[in-house]
1. Looking at segment 66-88, can you tell me whether even one residue there is modelled with pLDDT of 95 or more, under 18 Å from Leu120 (Cα atoms), among the charged types (D, E, K, R) and out of contact with any Leu (no Cβ under 8 Å at 6 or more places or on another chain)?
2. Only one of these is under 25 Å from Gly69 (Cα atoms), under 9 Å from the mean Cα position of the chain (by Cα) and of a type in the set (Gly, Ala, Ser): Ala164, Ala126. Name it.
3. Of all residues in segment 172-193 being in a strand (DSSP E or B) and β-branched (Val, Ile, Thr), which is surrounded by the fewest Cβ atoms within 10 Å (Cβ to Cβ)?
4. Is it the case that some residue within segment 126-135 is at pLDDT 95 or above, touching a helix residue (DSSP H, G or I) at 6+ places or on another chain (Cβ under 7 Å) and of a type in the set (D, E, K, R)?
5. Whether any residue in segment 44-52 is exposed (fewer than 13 other Cβ atoms within 10 Å of the Cβ), modelled with pLDDT of 95 or more and under 30 Å from Leu167 (Cα atoms) is what I want to check.
6. Filter segment 152-193 for residues that are touching a residue at least 24 places away in the same chain (Cβ under 8 Å) and among the polar types (S, T, N, Q); which is nearest to Thr129 (Cα to Cα)?
7. How many residues are crowded, with 16+ Cβ neighbours inside 10 Å and within 22 Å of Asp138 (Cα to Cα) when one looks only at segment 58-67?
8. Within the group Leu112, Leu123, which residue is free of Cβ contacts under 8 Å to residues at least 24 places away in the same chain and of a type in the set (A, V, I, L, M)?
Amino acid sequence: MGHRNNRVLCVALFVALAACIAVWGTPAHGASSHVKKLPCGPSKFLFYLHNTVYNPVVNNTNYFNSIYGRAPNISFPNPFSFGVMNTFEDPLTAGPSNTSKSLGKAQGFYVLNSFTEFTLFHLFTANITEGDFKGTIDIFGQVREVDPVRYLTVIGGTGAFLGARGLASCTLVDIDHTPPAKWTLSFDLDLYY
């Protein structure tokens, strides 16, 4: 009889413990029963950036998307335009032609930051508003014009690119120095979240 009472007591305790776990493990009214997982965007993403500089000599006020600030107030030679800044709002496309499918706009600036060569410190946000993935991608880093491939850092994102980090490999696709100067850059992104 003693063993049977112990068994009944053990079963009763087990049932009570299971009921307590079920009650404590149940989320409060309206609460989710699982932790929300952040979306994970693409691991590879490619876009093309098209830049046309404003030039008062040809007066292209109707078709430019970047403009240089005033030259630094210096009295010595400045062959590499050290300290000059350019602000841009460049179209982004899915292909290398400026008539390719639009993806959005890149908005940011670069500063020429060397006395001895053409290097530019870039900081911009790619606002992707068209296509399968929508959101922003924040990119920054230094570009040496002589390098065939320039590497910049992806430091964040929103939307489909929420929390993106990674590498942006930038290459020059095309450049036309005839005023107004125009160029196209490709940005091949390797992303993780």
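The values are calculated or read from the model by the stated rules, or taken from the named source; none is laboratory data. Everything numeric here is computed off the predicted structure, so don't read it as measured data. Reconstructed Cβ throughout: ideal geometry from the backbone, glycine too, with neighbour counts over all protein chains shown. Side chains are part of the model used for accessible areas, which takes the heavy atoms of the whole protein and leaves out ligands, DNA and RNA. Shrake-Rupley method; radii C 1.70, N 1.55, O 1.52, S 1.80 Å.
1. Within segment 66-88, not a single residue is modelled with pLDDT of 95 or more, under 18 Å from Leu120 (Cα atoms), among the charged types (D, E, K, R) and out of contact with any Leu (no Cβ under 8 Å at 6 or more places or on another chain).
2. Exactly one of Ala164, Ala126 is under 25 Å from Gly69 (Cα atoms), under 9 Å from the mean Cα position of the chain (by Cα) and of a type in the set (Gly, Ala, Ser), namely Ala126.
3. The selected residue is Ile175.
4. There is at least one residue in segment 126-135 that is at pLDDT 95 or above, touching a helix residue (DSSP H, G or I) at 6+ places or on another chain (Cβ under 7 Å) and of a type in the set (D, E, K, R).
5. yes
6. Ser186
7. The total comes to 2.
8. That would be Leu123, the only listed residue that is free of Cβ contacts under 8 Å to residues at least 24 places away in the same chain and of a type in the set (A, V, I, L, M).
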